[in-house]
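J.: Handing you this structure, nothing more for now.
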Amino acid sequence: MVDIVTQVEIDKPISLVSAYASDPDNTTSWYVNIDSIEWITPKPLQVGSLLAFKARFLGKDLSYTYEVVESIPNKKFVMRTADGPFPMETTYTWEALSAEKTKMTLRNRGNPTGFKVFLAPLMKMAMRRANNNDLQKLKEILESI
């Protein structure tokens, strides 16, 4: 099982952090490994929306489809792979630390199968590093607004 939890404190209101981070059209600006996102279902974003991601991770090109399974503004956003290299769930949660400071938590969890099971320890390290870098990039973007 891969279960990675990372957090960052961002000096911006929860409404701004939540709206920006959960908008798929912003994803490539702060996720370094995600090259593109294509809407499969029509906008607006809602539970059941499908998004096709193209990414690069550990030197491999990946294509996968996420389905939005939960979306509570300013609280929680959850996507699960509907199609891809292995089952994965990504969860964002937000907590207002003050009117102008938000703690964002990013959690990725899943179960690699087959050959990928042997890569789980390497995947965990790489995912933790990537998630920390992505959250720092998100912080830089939002705090510059």
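The values are calculated or read from the model by the stated rules, or taken from the named source; none is laboratory data. Keep in mind that what you see is a predicted model, and the values were worked out from it rather than measured. Here the Cβ is made from the backbone with ideal geometry for all residues, glycine too, and neighbour counts use every protein chain on show.
J.: Across the range 52-80, what is the number of residues that are modelled with pLDDT under 95 and on the phi < 0 side of the Ramachandran plot?
T.: Summing the residues that are modelled with pLDDT under 95 and on the phi < 0 side of the Ramachandran plot in the range 52-80 gives 8.
J.: Looking at Val32, Val69, can you tell me which residue is out of contact with any His (no Cβ under 8 Å at 6 or more places or on another chain), of a type in the set (Val, Ile, Thr) and under 22 Å from Ser15 (Cα atoms)?
T.: Val69
J.: Between Asp61, Asp35, Asp25, which is outside any strand (DSSP E or B) and surrounded by fewer than 18 Cβ atoms within 10 Å (Cβ to Cβ)?
T.: Testing whether each residue is outside any strand (DSSP E or B) and surrounded by fewer than 18 Cβ atoms within 10 Å (Cβ to Cβ) leaves just Asp25.
J.: Just one of Leu45, Leu58 is over 16 Å from Arg80 (Cα atoms) and either in contact (Cβ under 8 Å) with a residue 12 or more places away in the chain or of a type outside the set (D, E, K, R) (or both); which is it?
T.: Every option except Leu58 fails the conditions.
J.: Follow-up. Please state which of the following conditions Met79 fails to meet, knowing it meets all the rest: (1) out of contact with any Phe, Trp or Tyr (no Cβ under 7 Å at 6 or more places or on another chain); (2) part of a strand (DSSP E or B).
T.: It fails just one condition, (1).
J.: Next question, about the same structure. Among the residues of the range 3-21, are any touching a residue at least 12 places away in the same chain (Cβ under 8 Å), among the hydrophobic types (A, V, I, L, M, F, W, C), touching a strand residue (DSSP E or B) at 6+ places or on another chain (Cβ under 6 Å) and farther than 22 Å from Ile141 by Cα?
T.: Yes, the range 3-21 has at least one match.
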